[in-house]
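The structure appears right after this line, and notes come after that.
The values are calculated or read from the model by the stated rules, or taken from the named source; none is laboratory data. Just so it is clear, the structure is predicted and the values come from calculations on it, not from any experiment. In this analysis, Cβ positions are derived from the backbone assuming ideal geometry, glycine residues included, and neighbour counts consider all displayed protein chains.
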Amino acid sequence: MYLYGKNALTELLKSQQNAILKKVYLSPSASLSEREESLLKGLNVSVTVMPLKTIEQLVGKGAAHQGVVLETKDFQYLEYEELLEQLEPAPVASLVFLDQVQDPHNLGAIIRTAYSAGVDGVVTCQDNSASVTPAVVKVSAGSAFLLPICIVNNLRRALERAKEKGFWIYGTEKDGHPYPLVAFPPKIGLVFGNESSGMRRLVKESCDETVSIPMANPFDSLNVSVSAGILCFEILRRRLFPETREPQVLKEGEP
């Protein structure tokens, strides 16, 4: 697999997946930092400078490669049961479940948002779903290497297993309870459905509750990555600032 971009290299080098890196290719105008050169040397990864035309043949002429291409082994997903075992003793945890999200850009954006908001893992489906590709890594700004990502054959069963480990599962749909009125527990699973059809019926039935995002104007739905961003950061806000769940208006003259 060929990944590309400076962020992909930076994040892969500091992640636990750095062993998947095989070779690095640079265009004549690109360069590495001393630290990157040292880390690559420690991993015994060769660096080759090649013409820009050859770089583009590897990843496509339109790819935003910044003159940096990485040849890697296949992306390493984490086993779902292993993730649940890691999170079982944690008093607070959150997971994002994707029910057949198919757009690679949506997947990459959700991974980036989830990592930034402190989510503990992203779980997606084996079938009819986007997988981690070079485009997904690029959109995630390399955070795909920093966040546990799992693929499961049966999402409904995966939700049931999470509930057995103490997670309360929230499906997202327009007829759910408005999320500002929902008291989220310490262990949360958020389920986001397919871009056009939403959650499948059996997946929805496995949710403990459904939540919605209030909108000022009537509209069918938000982009799935936008919805994920709103809810993931709402959960983070409540954890970081539990005393400010209700908006507080500063009085005139206060900082």
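Here are some notes:
- Members of segment 162-187 found to be surrounded by 12 or more Cβ atoms within 10 Å (Cβ to Cβ) and in a strand (DSSP E or B), listed by number: TRP168, ILE169, TYR170, GLY171, THR172, GLU173, LYS174, GLY176, HIS177, LYS187
- Condition check for VAL139: touching a His at 6+ places or on another chain (Cβ under 6 Å), buried (at least 18 other Cβ atoms within 10 Å of the Cβ) and closer than 20 Å to ALA93 by Cα: no
- The condition of being modelled with pLDDT of 95 or more and not basic (Lys, Arg) holds for only one of VAL59, VAL96, VAL68, that being VAL96.
- Segment 229-255 residues that are exposed (fewer than 10 other Cβ atoms within 10 Å of the Cβ), paired with ones that are among the β-branched types (Val, Ile, Thr) and at pLDDT 55 or above (beta carbon under 6 Å, 6 or more apart): none
- Residue that is nearest to TYR115 (Cα to Cα), among those in segment 3-36 that are part of a helix (DSSP H, G or I) and of a type in the set (Gly, Ala, Ser): ALA8
- Residue within segment 92-99 that is hydroxyl-bearing (Ser, Thr, Tyr) and either without any contact (Cβ under 8 Å) to a residue 40 or more places away in the chain or touching a Cys at 6+ places or on another chain (Cβ under 6 Å) (or both) present: no
- Matching residues, segment 37-49, being more than 11 Å from VAL24 (Cβ to Cβ) and in a loop (DSSP other than H, G, I, E, B): ASN44
- Residue selected from segment 192-247 under the condition of a type in the set (S, T, N, Q) and in a loop (DSSP other than H, G, I, E, B), by the criterion farthest from the chain's Cα centre (by Cα): ASN217
- Of the residues LYS41, LYS23, the single one that is more than 27 Å from ARG239 (Cα to Cα), surrounded by fewer than 21 Cβ atoms within 10 Å (Cβ to Cβ) and without any contact (Cβ under 8 Å) to a residue 12 or more places away in the chain is LYS41.
Matching residues to (1) surrounded by fewer than 22 Cβ atoms within 10 Å (Cβ to Cβ); (2) closer than 26 Å to TYR4 by Cβ:
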| site | (1), (2) |
| --- | --- |
| GLY62 | yes, yes |
| HIS65 | no, yes |
| GLU71 | yes, yes |
| GLU85 | yes, no |
| GLU88 | yes, no |
| LEU107 | no, yes |
| THR113 | no, yes |
| VAL122 | no, yes |
| ASP127 | yes, no |
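- Hits in segment 8-29 - residues which are within 16 Å of the chain's Cα centre (by Cα) and either among the hydroxyl-bearing types (Ser, Thr, Tyr) or at positive phi (or both): SER15
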